[in-house]
Amino acid sequence: MGIFNLKQAYKTSKVKFLWQLFFLGFLSLFVFFLLVRIGIFGKLPDIEEIENPQNKLATEIYSADSVLIGKYYFENRTPVEYKDISPDLIKVLIASEDARFYQHSGIDIKAIIRAVAFMGKRGGGSTITQQAAHNLFIEPRSRNIVLRIVQKAKEWVIAVIMERKFTKEEILTLYLNTFDFLYNAKGIHSASYTYFNKSPKELTIEESAVLVGMLQNPAAFNPRMNPNDSKEKRNIVYRELLEQGVIDQAKYDQLCKKDIPLQFSRIDHVEGMAPYFRMVLAEELKKWGKQTKKLDGSNYDIYKDGLKIYTTIDSRMQKYAEEAVHEHLAAYQKVFDGQFKYVTSWKPWETKEGKKTLETAIKSSEPYRILKEDGKSFDAIKKAMSVPHKMIVFTHKGPKDTVMTSIDSIIYHRQFLQSGFMVMEKETGHIKAWVGGIDFEYFKYDHANRHTKRQVGSTFKPILYSLAVDNGWSPCLNIPGGTSIYLGNGKYWRPKGGGGGSLQGCLKVSSNVCAAYIIKQLGTEAVYQMAKKMGVTSDIPKVPSIALGACEISLEEMMEVYSVFLNEGVRTSPVLVTKIEDKNGNIIQAFFTERKEVYSNNTAYIMAKMLQGPTSTGGTAARLKNAYKVPGEVAGKTGTTQKQADGWFIGFTPQYLAGAWVGCDDPILHFLSTGNGQGAAMALPIWAKFFNKCFADKKLNFDPQAKFAPPSDSTLVKNICRDPLRDKIKLLQQQGGQVITDHGVSNINDGVNPENQFEN
């Protein structure tokens, strides 16, 4: 009996001990989670943070035709709402990751026990809510077992709070919006476009299975990096769908046989459409952000505030512009390079100016910067940069592996012809296409924006002619040859380039003599002021040679200048953005066209008609019609600078204005002959190729029948050349006589053919 009582007492004490141990463990666990909750092991987010998680959201850039052309971001993340997610994706996600998602309250005890019992071989214990909590608020998973336990406890605490504060749909949306799918695809919106080029709402069950398969390990099961492993994981997801009755056996067998429908399209700061435009726009938007306040008083940040930028770019026209630049310069580079082969005496880098230019380029290079930070001298750096090594260089056919020195690489890349090309819509000033160079990955410098200035050559001359016409000069006025301008100190300036002719005839052939005559008669100051009125913001010199374009102006400025001809004498500033929305779709700011009247619509119409001369037979841009067969009415002006370093063509139809510049970054590199180095050969083909592509695309509504219509409120146009002097001119022409005009005596037969003058 005593032994029995002893055993019973022992048994009772053992049970009591176990209960004590259980309650002690429970109490310890409770205290542990309480300490976690109050932040002893690291601060947890408060309720407000959990209800309003602040991710760094990517700003999206849209074209005028609603195409996503790029993003600005620290993290490429764009949030979506539950209604914008494919139902197939939701079904696949729950079946694969958390089958009891709608039954538990943030923590699935059964899943935890299963994970512990089978060492994770039959699935993990984390719920979707826990994973969302981790993505939102927990630091990267630690390999230290103690720290990992603390992290897991934090996940549980946050998960329970989230389940109380959010609906199940909101938790699913949070999870998908916060997962990193790699390749800068943060969240389901970016992942959908990156891997399948479609919105999350359009995802099929096949595409959903691939993305859900990545959730366990986005690198190991990435369809881009590891297509075979991704397919195998996808099929495991299908098996889980089969086991849970989401799909039947026949559907399972069918799906497993299919390949992954990948349409990979990475959107980043380098790749994508209009990269030069996006770079220039980013700088403007950063300035805008510093000047624009949110409701909380802070400034907008394009890299984390999830804005939507609606630009004026047309994605189709941008595509054609990029193609036109590539097609022309890929072919014309061979012409330029041929000079180095056949004219061996021309060694631009060995001249005094060339050596100075090369030294500047070396000091601007990345290898120089790195070696300079190590305290190396210039001679030591130059020696190090003269050692050959493997590298990848640019070619028009694609990147090329080669071996050369860093200095040779600098010389090699600076010998490529670059381009700036811009297209503007007539009345709105909306920029529809913007190309700043031949390849943004290798050449970051933009050649189209108003900070990049090059000599403009004869594209400046229409400013002169505008001044003359606005002062009453007739297009038929005869301009004498042999003009000399006294510069002072016994010096004269007398440009070369043929004799005189009619005002419109001079513009047609780009006569330098006529340009000198105009600036002599009207004055350098008047020409300078007209240039400023028409949109030139660059600091140009007040000297007679500006008549020939001996001044540096940007392409963007010249587009504004030429907009005056197309818009009835009204200067139209280029517009890049129409509106900016916040992450919730609220319009923060809308942008409108800035217009300013420069001169009468009559003067503008006369100039538009006169500028058709260069594009007609015998004009400097005649190949536009003769060789390239650009349809419809076209007006424009070529420009070629000293030593053929810059080639220009700025032209317009009744609907659109476009400007092209071509040259090397360093003016010491230039064409050796005018035939190859004139604007009509260097730049005009880009313009022609672009417009031919647009005219061929009927969806763009480029109208070949459009005309330069005379202003409806003006009768002066009728007197351009033919009315009321037409009959008198004809008679005097037959008699070899003269006509008295407002500006003196004109010889009718000297460069004027009345039959070819303007008509209404």
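The values are calculated or read from the model by the stated rules, or taken from the named source; none is laboratory data. All values derive from a computational prediction rather than experimental measurement. All Cβ positions, even for glycine, are placed from backbone atoms using ideal geometry, and neighbour counts span all protein chains on display.
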### Message
On the basis of being modelled with pLDDT of 90 or more, out of contact with any helix residue (DSSP H, G or I) (no Cβ under 6 Å at 6 or more places or on another chain), surrounded by 14 or more Cβ atoms within 10 Å (Cβ to Cβ) and not aliphatic (A, V, I, L, M), does F277 make the cut?
### Response
yes
### Task
Name the strands (runs of 3 or more DSSP E) wholly inside the stretch 412-467 in which the number of residues that are modelled with pLDDT of 95 or more and more than 19 Å from F691 (Cβ to Cβ) is 1 or more.
418-425, 453-455
### Summary
Filtering the stretch 355-394 down to residues that are surrounded by 11 or more Cβ atoms within 10 Å (Cβ to Cβ), more than 22 Å from E441 (Cα to Cα) and of a type in the set (S, T, N, Q) yields T357, S386
### Top-ranked residue of the stretch 552-572 - restricted to ones that are more than 12 Å from V456 (Cα to Cα) and of a type in the set (S, T, N, Q), ranked as farthest from the chain's Cα centre (by Cα)
N567
### Message
Tell me whether the stretch 414-427 contains one or more residues that are β-branched (V, I, T) and out of contact with any Gly (no Cβ under 9 Å at 6 or more places or on another chain).
### Response
no
### Message
Restricting to the stretch 356-389, name every residue that is basic (K, R) and not in a loop (DSSP other than H, G, I, E, B).
### Response
K356, K363, R369, K372, K382, K383
### Query
From the list T194, T178, which residue is surrounded by fewer than 24 Cβ atoms within 10 Å (Cβ to Cβ), within 15 Å of I128 (Cα to Cα) and touching a residue at least 12 places away in the same chain (Cβ under 8 Å)?
T178
### Message
For the stretch 549-564, check the following and say yes or no: at least one residue is among the hydrophobic types (A, V, I, L, M, F, W, C), under 24 Å from F421 (Cα atoms) and either free of Cβ contacts under 8 Å to residues at least 60 places away in the same chain or assigned to a loop (DSSP other than H, G, I, E, B) (or both).
### Response
yes
#### Entry: Subset tally (residues that are surrounded by 12 or more Cβ atoms within 10 Å (Cβ to Cβ) and over 29 Å from the mean Cα position of the chain (by Cα)) for the stretch 395-405
3
### Task
Check N235 against each of (1) in contact with a Cys (Cβ under 8 Å, 6 or more places away or on another chain); (2) surrounded by 20 or more Cβ atoms within 10 Å (Cβ to Cβ); (3) of a type outside the set (F, W, Y) and name the one condition it does not meet.
(2)
### Query
For the stretch 348-360, what are the residues that are closer than 22 Å to P388 by Cα and without any contact (Cβ under 8 Å) to a residue 60 or more places away in the chain?
E350, K355, L358, E359, T360
### Task
Would you be able to tell me the number of residues in the stretch 549-579 that are of a type in the set (A, V, I, L, M), over 18 Å from D470 (Cβ atoms) and surrounded by fewer than 23 Cβ atoms within 10 Å (Cβ to Cβ)?
4
### Query
Are any residues in the stretch 425-481 basic (K, R), over 20 Å from Q529 (Cβ atoms) and in contact with an Asp or Glu (Cβ under 7 Å, 6 or more places away or on another chain), and if so, which ones?
K432, R454
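Residue-by-condition table, conditions (1) crowded, with 24+ Cβ neighbours inside 10 Å; (2) over 23 Å from the mean Cα position of the chain (by Cα); (3) at pLDDT below 95; (4) farther than 22 Å from E427 by Cα:
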site: A658; (1), (2), (3), (4): yes, no, no, no
site: W661; (1), (2), (3), (4): yes, no, no, yes
site: D665; (1), (2), (3), (4): no, no, no, yes
site: T674; (1), (2), (3), (4): no, yes, yes, yes
site: G679; (1), (2), (3), (4): yes, yes, no, yes
site: W687; (1), (2), (3), (4): yes, no, no, no
site: F690; (1), (2), (3), (4): yes, no, no, no
### Message
Take the conditions surrounded by fewer than 16 Cβ atoms within 10 Å (Cβ to Cβ) and in contact (Cβ under 8 Å) with a residue 12 or more places away in the chain and apply them to A516. Does it pass?
### Response
no
### Task
Considering every residue within the stretch 251-266, establish whether at least one is within 24 Å of T311 (Cα to Cα) and out of contact with any Ser or Thr (no Cβ under 9 Å at 6 or more places or on another chain).
no
### Query
Looking at A384, is it in contact with a Leu (Cβ under 7 Å, 6 or more places away or on another chain), at pLDDT 90 or above and more than 24 Å from A681 (Cβ to Cβ)?
yes
### Summary
Picked from the stretch 192-248 (must be of a type in the set (D, E, K, R) and in contact with a Phe, Trp or Tyr (Cβ under 6 Å, 6 or more places away or on another chain)), the residue nearest to V67 (Cα to Cα) is E207
#### Entry: Unique residue being small (G, A, S) and over 30 Å from G437 (Cα atoms) when the list is A531, A516
A516
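Within the stretch 415-427, identify whether any single residue is within 25 Å of the chain's Cα centre (by Cα), crowded, with 20+ Cβ neighbours inside 10 Å and among the β-branched types (V, I, T), and answer yes or no.
Checked the stretch 415-427: at least one residue is within 25 Å of the chain's Cα centre (by Cα), crowded, with 20+ Cβ neighbours inside 10 Å and among the β-branched types (V, I, T).
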### Message
All but one of (1) in a loop (DSSP other than H, G, I, E, B); (2) surrounded by 15 or more Cβ atoms within 10 Å (Cβ to Cβ) hold for I588; state the number of the condition that does not hold.
### Response
(1)
## Note on the structure
Every listed condition ((1) of a type in the set (A, V, I, L, M, F, W, C); (2) modelled with pLDDT of 85 or more; (3) surrounded by 14 or more Cβ atoms within 10 Å (Cβ to Cβ)) holds for A220 save (3)
